[in-house]
Amino acid sequence: MVVMLGLLLHNLLGYRVVAFMLLVTVSILAMFLDIVPVLLAALLSAVFWNFLFIPPRFTLTVGTTEDRILLLMYFIIASVNAVLTYKIRQVEKEVKARDEKAKSVKFYNTLLNSLSHELRTPITTIIGCADNLQSNSGRLSEKDKSELVAEISVASIRLNQQVENLLNMSRLESGFFTVKKDWCDINDLIYKTLHRLEPNLQNYHVKVYISEQLPLFQLDFGLMEQVLFNLLINITQHTPEDTQITIRADAVEQSLVLSIADNGKGFPENEISKVFDKFYRLRDARTGGTGLGLSIVKGFIEAHNGTIELKNLPVCGSLFTITIPTAISHINKVKDE
C-alpha cells in the first residue's frame, strides 16, 4: 500500500521522500512483528525503493554514487531501527513479566497471611468449645453448654464463609462460572439469608421493607444469596452491636433495586472507592476478614449486568444500593388480584 502511494506521489515529492515513507512503515511494523519479518520488510523496502523509484527506474542499477550511498544507508538504518525496536519490545516484555511475577507473589503472600488467621481462628474456637463440651460435660450448666454451642455455630459460619469466599473468588478469577437465572422471590431471598445469619445478627436490629406487590425477578438465587450474605457480614464486622440495619427492595423500570443501610459510623470518604478491591481492608478495621467479601459482591452483581454503589448517609451510617436490570414477572400481583 505504501509502495502504491509512493508511485502516485513520487513525481510530486521525489524519490528521496518516498524512502522516508518506507522507513516509517518499517518502523511501525517493528512495533508489532517479530525480528525476522521486520528484517525481511527492511530488505524488500530497499529493493522496491531501488527498483521502482531510484533512477534509472525499473532496474536494479543505481545511477549515481550519491544514490548508492543513500540506498546503503537506508538499508542500514531500516535494519538497525528494526533490531532496536525489537530489543525494546523484548525488554518491555521482560519488565512486564517481572512485574506480574511480583504481583503474583504479593497476591499469594497476602492470601496466605489472611488465611493463616481467618481459617485458624474459627477452627481453634470449634476445637476448644467441642473439647470443653466433651471433657467437662458433667460440670457445665445448661447455660454454659448453650453458650459453647453458640460459639461453635458462629465459628462454623465464619469458617464456611471464608471457604465460600475462596471458592467464589476462584470462580470469578477463572471466568468459567455462569449465571443461572430463574424466577426469584425477593422475600424468600432476604429472609433465607437472614436465617443463615441469625447467630451473627442476634444483637442487631434488622428491618425489612418489601412491597406486597413486588414482582418476581429473573436472577441467580445462589449468587444473590451470597451477595446479601457478604454485605450483611461486612456490616456486622464494621458496626457495633445494637446497630440498625434496614433492607429495602423495589422494582424500578424493569430493574431490581435492593438497598442495605445501617446507622453506624460509615466509611472513610477517601476509602469508599477502594472497598470493592480484592484483599482491600479498611485501615481502622478490626482484626478479621480477608478483604474478599465485597469484591465478590461486585463480581456477582456485574455478572448480572448490574451495578453496586456505596455512599455514606448524611447523618450517620452507610448505604449499599444494588441495581440489576432483569426480566420481571407480575404473577404475584395477578394472584393477589
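The values are calculated or read from the model by the stated rules, or taken from the named source; none is laboratory data. Predicted, not measured: the structure shown is a model, and the values here were computed from it. Every residue, glycine as well, gets a Cβ built from its backbone with ideal geometry; the counts of neighbours run over all protein chains shown.
Details
- Of the residues making up the stretch 266-282, not a single one is under 24 Å from LEU201 (Cα atoms) and of a type in the set (S, T, N, Q).
- Test: LEU232 is under 30 Å from LYS106 (Cα atoms), modelled with pLDDT of 90 or more and under 22 Å from the mean Cα position of the chain (by Cα): yes
- Residues located in the stretch 118-146, provided they are within 13 Å of SER156 (Cα to Cα) and assigned to a helix (DSSP H, G or I): GLU118, ARG120, THR121, PRO122, ILE123, THR124, THR125, ILE126, ILE127, GLY128, CYS129, ALA130
- When we screen ALA155, ALA251 for residues that are touching a Pro at 6+ places or on another chain (Cβ under 6 Å) and either touching a residue at least 60 places away in the same chain (Cβ under 8 Å) or over 22 Å from ARG281 (Cβ atoms) (or both), the only hit is ALA251.
So that you can scan it fast, the table gives a plain yes or no per residue for (1) in a helix (DSSP H, G or I); (2) under 16 Å from the mean Cα position of the chain (by Cα); (3) surrounded by 14 or more Cβ atoms within 10 Å (Cβ to Cβ); (4) among the hydrophobic types (A, V, I, L, M, F, W, C):
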{"position": "LEU159", "(1), (2), (3), (4)": "yes, no, yes, yes"}
{"position": "LEU167", "(1), (2), (3), (4)": "yes, yes, no, yes"}
{"position": "LYS180", "(1), (2), (3), (4)": "no, no, no, no"}
{"position": "LEU189", "(1), (2), (3), (4)": "yes, no, yes, yes"}
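- Residue match in the stretch 298-319 (condition: touching a Lys or Arg at 6+ places or on another chain (Cβ under 7 Å), modelled with pLDDT under 90 and under 25 Å from ASN160 (Cβ atoms)): no
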